[in-house]
Amino acid sequence: MYKNNDSDPKNYLDFSGTDLDAANDTVTLTLDDDSVVECEVLNIFAVKVKGTLKNFIALLPTELPDGKEPTVWLYEYRDAKNSKDIEIIPIESDDDYDAAAKAYTNWANSLDDE
């Protein structure tokens with residue numbers, strides 16, 4: 001478990017308890033325009049947003065058009081009910097996105113410190 005720089009010890013990133021192995025897995029997304037994108041799973045983490053613990057996933061597309069810089073995509077992550085599948089849902093709320101982005105950035109920066 002990695003604790004972010006927040007003063008509240010309940011705000012944390014939790015890498016355990018998921019069916020995905022963030023170090024080895026990829027997921028396939030179908031975008032709104034019906035294009036399909038394979039993405040590497042960079043991290044799966046939980047963040048407390050306005051008192052509610054929410055799960056997020058950080059993805060990096062594996063193939064980019066020439067000249068495009070890689071961009072990390074953040075989504076809400078849920079285990080699907082009654083199956084081993086997962087749900088990857090666009091983040092709708094600015095508060096949720098800001099919290100996920102801050103947590104992801106803190107985690108990514110911690111890798112630079114190692």
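Nothing in this text is a laboratory measurement; each read-out follows from the coordinates by a stated rule. Fair warning: this is a prediction, and the values are worked out from it, not measured in the lab. A quick note on method: Cβ atoms are made from the backbone with ideal geometry, for glycine too, and the neighbour counts reach across all protein chains shown.
Rounded to the nearest 0.05, the FRET efficiency derived from the C-beta distance between E92 and V37 at R0 = 22 Å is 0.65. Computed extension length for T52-L29: 5.7 nm, one decimal, from 0.36 nm per residue of separation with the Cα-Cα distance subtracted. Proximity of backbone amide H atoms, modeled 1.01 Å from N, is registered between I86 and A80 at under 5 Å, excluding neighbours fewer than 5 places apart on the same chain. Phi angles of the stretch 86-94 translate, via the Karplus equation with coefficients 6.51, -1.76, 1.60 and θ = phi - 60°, into HN-Hα couplings of 10, 10, 10, 10, x, 7, 8, 8, 4 Hz per residue; Gly and Pro are given as x.
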